[in-house]
Amino acid sequence: MKNNNYKTIEYIAENSSKDILNNYDFTEIDALQLLKIKELVYKYEDSLLEEFYKFIFSFNHAKRFLHNQEILHRHEKGIRAWYRNLFCGKYDTNYFYKLNIISEVHVRIGLPTHYVNAAFSFVRRFIKDKLIYDKKYEALSAFDKIIDINLDILTISYQDEEQTKLIDEIILLKLAVESNSIEPYIQAIYNSKTIEVEKYECLMRIINPNTLEVKSIFPYLDISKKIKLYEKMMSIMVEKSLSYFSTQNIEFSLNLSYEDIANKPFRNFIYKKVKSFPYPHNIIFEILETDFIEDFSIVEAFVNKVRLFGCQIAIDDFGSGFSSMENILKLNPEIIKIDGSLIKSIHTSEESKTIVRNIINMAKELNAKTVAEYVHCKEVYDIILQLKVDFIQGFYLAEPKCLK
């Protein structure tokens with residue numbers, strides 16, 4: 001946080017308070033207009049705070065951070081001070097420095113920028129309505145300007161934080177690819193009747209070459225695609241998974257998105273690897289149900305091709321509700337993996353239990369096996385067994401582990 005604080009103070013030093021005010025065409029007349037309405041807006045302070053807290057407690061973050069009376073009291077004291085300063089009439093470097101301190105606190109506790117923007121929007125609406133009601137029209141423009149200036153200064157630290165985070169993520173991904181530090185972690189999938197491991201799912205992990213910290217791919221998916229590293233990462237993942245299981249005569253699954261399948265060079269890479277693999281019948285390609293909203297013909301052609309080699313097809317996250325049942329029937333999947341959100345809540349939701357029961361019954365009619373993912377506790381495990389799912393996967397039985 002010290003670095004961000006330095007950056008923001010440096011920003012204010014380089015762009016003096018006068019320059020910042022000039023950028024927003026904020027004049028001495030505007031400052032005077034705000035000072036003139038000081039006593040008027042002070043009388044609305046209590047009602048503003050009352051309505052403000054009703055508004056912000058609709059946000060999960062507010063409930064998370066304002067979770068006791070002591071914290072709430074300190075927060076209210078800070079909001080009152082900030083609100084009164086809006087109308088102080090003196091907007092110099094010291095004024096902006098106080099705003100920076102508020103901003104740094106928000107970044108440190110992880111408050112989203114969306115919350116900050118929404119809170120400012122609420123205050124703007126509330127005060128402008130009061131000014132119009134009291135016919136203080138001449139102060140409306142000045143108030144808009146000071147709110148805009150506040151919002152600008154209060155988000156400088158967020159911009160620094162986000163930029164630093166982005167750079168760190170890019171460096172991590174490039175290092176991981178260059179050092180071949182993309183690793184498959186395998187999670188065991190158990191036969192529900194024997195409770196023996198019958199297959200594995202391969203999950204991509206990023207290993208920080210400097211710290212050896214293991215990270216899931218999911219937070220980095222978007223950025224890896226933007227900087228054109230995703231295909232390389234997937235290639236490393238597939239290569240290492242196939243290499244490991246070439247000496248293990250057991251079934252294993254690889255996750256493919258529509259983007260993977262639609263990428264012709266990567267698709268040909270898959271065909272080449274599968275063709276030379278000693279146990280192609282052990283390979284299960286998991287395809288997200290939601291991906292069927294894209295060009296289904298590409299998915300269908302891929303499925304038909306890999307089946308010629310003996311590979312199996314699994315529909316992942318079944319029950320998420322976006323695909324055409326007609327398309328799923330066309331693929332004739334060997335395995336249906338039930339959407340994890342249904343499994344996680346099955347011990348607390350009768351609706352989830354009913355949906356899962358119907359999926360299991362439907363799968364039997366299709367001659368497909370079912371897998372319950374995200375089995376995270378004994379309560380869920382017991383219900384899944386009662387519903388007679390074919391396979392069980394989740395942290396309750398086994399966490400993903402490194403191949404080495």
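No lab work stands behind these numbers, since they all come straight from the coordinates. Quick caveat, the model's predicted, so the values are computed rather than measured. Every residue, glycine as well, gets a Cβ built from its backbone with ideal geometry; the counts of neighbours run over all protein chains shown.
Any idea what the dipole of the chain comes to, in debye rounded to 20, about its Cα centre with Lys/Arg Cβ at +1 and Asp/Glu Cβ at -1? If you can, show how the numbers build up before the last one.
Details: 52 positive and 57 negative charges, 74 e Å.
Taking the Cα centre of the chain as origin, the dipole is about 360 debye.
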Mind checking the angle between helix 2-14 and the chain's longest principal axis? C-alpha axes, 0 to 90 degrees, to the nearest 10. 50
Do any chymotrypsin sites (Phe, Trp or Tyr not before Pro) in region 319-393 lie in a loop, going by DSSP, with at most 12 other beta-carbon atoms within 10 Å of their beta carbon, and if so which? 322
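Which value, to two decimals, describes the C-alpha radius of gyration of region 331-404 once divided by 2.2 N^0.38 Å?
Ratio of Rg to 2.2 N^0.38 Å for region 331-404: 1.10.
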Per DSSP H run of n ≥ 4, the term is -39500 (n - 2.57); total these for the chain, divide by its residue number, and report the mean residue ellipticity at 222 nm rounded to 500 deg cm²/dmol. -18000 deg cm²/dmol
Over the Cα atoms of the chain the radius of gyration and the largest Cα-Cα distance (Dmax), both in Å, equal 28.5, 83
What lysines does residue 226 reach when the alpha-carbon gap must be under 16 Å and sequence neighbours fewer than 8 apart in one chain are set aside? 165, 174
Placed amide H near residue 192: partners under 5 Å, 5+ positions off or other chain: 391, 392
Mind checking the angle between helix 93-108 and the chain's longest principal axis? C-alpha axes, 0 to 90 degrees, to the nearest 10. 20
Can you list the lysines whose alpha carbon is less than 19 Å from that of residue 401, not counting same-chain residues fewer than 8 positions off? 199, 215, 240
On a 0 to 90° scale, report how tilted helix 45-56 is relative to the longest principal axis of the chain, with both axes built from alpha carbons and the result rounded to the nearest 10. 10
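Given +1 on the Cβ of Lys and Arg, -1 on the Cβ of Asp and Glu, and no further charges, what dipole in debye does region 218-345 carry about its Cα centre, rounded to the nearest 20? Before the final figure, lay out the partial values.
Numbers: 15 positive and 17 negative charges, 131 e Å.
In total the dipole reaches around 620 debye.
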Hey, what do the phi angles of region 391-404 turn into as Karplus ³J(HN,Hα) couplings, whole Hz, using 6.51/-1.76/1.60 and θ = phi - 60°, x for Gly and Pro? 9, 10, 9, x, 5, 4, 9, 6, 8, x, 9, 5, 5, 7
